[in-house]
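Read through the structure below, which is laid out as structure tokens, and then see the notes.
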Amino acid sequence: MRYPEPPEEEDDPLVAVPVGGGVAPEETPARVDHRPPAPDDEFSGFYRTYFTRLTTYLLYQGAPVHLAAELAQETMIKAYRRWAEIRFHRSWAYKVAYQAYIRHAVRVEEEPVGEVPEPTAVLSRLGEAEAWVQEREIVRVLSALPARQRQVLGLTLDGWTPADIGELLGVDGATVRANLLKARRAAARYLDARGEG
């Protein structure tokens, strides 16, 4: 008896294999996966806590609303599928979402502009995103900062400590604090200039 080989693509849907090591029914494509998906309670709590925050972080980095929500959703799907492999779920999600945004930004710079995508179903109204950000002005302030300062200030606004940020970004705490200080000074100058105009 020959057992089916699992497909190489990681994003294929998982199919349950009968208990006892049998094969999946012929009408269902077989996929053997030795790790369970995320426990529903655990993942649901993570999703409820971090989906909005992750989307907001991507907005802070300059992503449009529809793209931020889409990338956050894709990150959550990957987190669910790899839950047992991931050691630090929050750090993993932020890193994966940010890297996806950077890949998208690089790809967009290389491609001609096409049609503007429709708002995502994840965010049914643009007003919801504005409520997350609290004040739209903060996105303008962050967009005026260099990338590293934008990352550090965006994570700080989300409640990350300098030590956590340093671990996520692979830099020491002093570097994080220096970038945070520069970001705060630049943001203060920006806001002062807007107040004078």
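Remarks
Every residue, every condition in (1) over 22 Å from Phe88 (Cβ atoms); (2) open to solvent by less than 90 Å² (accessible area, probe 1.4 Å); (3) modelled with pLDDT of 80 or more, yes or no:
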site: Arg125; (1), (2), (3): yes, no, no
site: Ser143; (1), (2), (3): yes, yes, yes
site: Val152; (1), (2), (3): no, yes, yes
site: Glu167; (1), (2), (3): no, no, yes
site: Val171; (1), (2), (3): no, yes, yes
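Conditions (1) touching a strand residue (DSSP E or B) at 6+ places or on another chain (Cβ under 9 Å); (2) under 25 Å from Leu157 (Cβ atoms); (3) surrounded by 11 or more Cβ atoms within 10 Å (Cβ to Cβ); (4) at pLDDT 90 or above, marked per residue:
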{"position": "Arg31", "(1), (2), (3), (4)": "no, no, yes, no"}
{"position": "His34", "(1), (2), (3), (4)": "no, no, no, no"}
{"position": "Phe51", "(1), (2), (3), (4)": "no, yes, yes, yes"}
{"position": "His89", "(1), (2), (3), (4)": "no, yes, yes, yes"}
{"position": "Tyr101", "(1), (2), (3), (4)": "no, yes, yes, yes"}
{"position": "Ala121", "(1), (2), (3), (4)": "no, no, no, no"}
{"position": "Glu135", "(1), (2), (3), (4)": "no, yes, no, no"}
{"position": "Ile138", "(1), (2), (3), (4)": "no, yes, yes, no"}
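- Here region 53-80 is the region considered, the condition is being among the hydroxyl-bearing types (Ser, Thr, Tyr) and under 20 Å from Val141 (Cα atoms), and the residue that is surrounded by the most Cβ atoms within 10 Å (Cβ to Cβ) is Thr55.
The values are calculated or read from the model by the stated rules, or taken from the named source; none is laboratory data. For clarity, every value in this text was computed on a predicted model and none was experimentally measured. For neighbour counting, all protein chains shown are included, and Cβ atoms are generated from backbone atoms with ideal geometry for every residue, glycine included. We work out accessible area using only protein heavy atoms, side chains counted, and drop any ligands, DNA or RNA first. Shrake-Rupley method; radii C 1.70, N 1.55, O 1.52, S 1.80 Å.
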